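So the structure is just underneath, and the comments pick up after that.
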């Protein structure tokens, strides 16, 4: 799997021009069919369909799904919906209140919060390192007392540093940035080395 920009036309053009590299070996990726269509729940009860592009490495022959940064692997909700839920939970709200606010099932939101909390220290560490690398004079977020809130603060601070360094990052939400930075592994798979 490879996290790409949400602009399907631009990604397709880059894929056909041989500008995308295989995450496994670094060789050129070539177009290779499409994934199955899937419905994704967006913000404010909007739903949209995504049919991810698939690619195949010209060298190692491994197939990769090109997943837009607006969605995360193995999740039926858009990154911005999950982002909102995690940020509300970081304020100390219980999962049932977060679920009611988002209009989603309690079990869904509880699952996000549990999964994120179980890897919060790794996420916090990864984005603290990213903050130091991105900012000329990094301001470390204060400890907030919970691993979930500390991890959310680190993601927010790293995104802020990225927007200061590259103005085009203002068009990308904090959690789309986070998902792309760690290859969509906010709630699933193992984090890449920082």
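The values are calculated or read from the model by the stated rules, or taken from the named source; none is laboratory data. Values in this document were obtained by computation on a predicted structure and should not be read as measured data. With ideal geometry, Cβ positions are generated from the backbone for all residues, glycine too; neighbour counts draw on all protein chains shown.
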Next on the checklist: Would you confirm, using the coordinates I've provided, whether residue 19 is modelled with pLDDT under 90 and either under 27 Å from residue 169 (Cβ atoms) or surrounded by 13 or more Cβ atoms within 10 Å (Cβ to Cβ) (or both)?
Outcome noted: no
Next on the checklist: Restricting to region 25-63, name every residue that is farther than 27 Å from residue 82 by Cβ and part of a loop (DSSP other than H, G, I, E, B).
Outcome noted: 25, 26, 27, 58, 59, 60, 61, 62
Next on the checklist: I'd like to check something: does region 84-92 contain any residue that is in a strand (DSSP E or B), modelled with pLDDT of 90 or more and surrounded by fewer than 18 Cβ atoms within 10 Å (Cβ to Cβ)?
Outcome noted: no
Next on the checklist: Looking at 149, 79, 162, can you tell me which residue is modelled with pLDDT of 95 or more and buried (at least 20 other Cβ atoms within 10 Å of the Cβ)?
Outcome noted: 149
Checklist outcome for this item: All conditions in (1) surrounded by fewer than 21 Cβ atoms within 10 Å (Cβ to Cβ); (2) within 30 Å of residue 94 (Cβ to Cβ); (3) within 18 Å of the chain's Cα centre (by Cα) are true of residue 169 except (2)
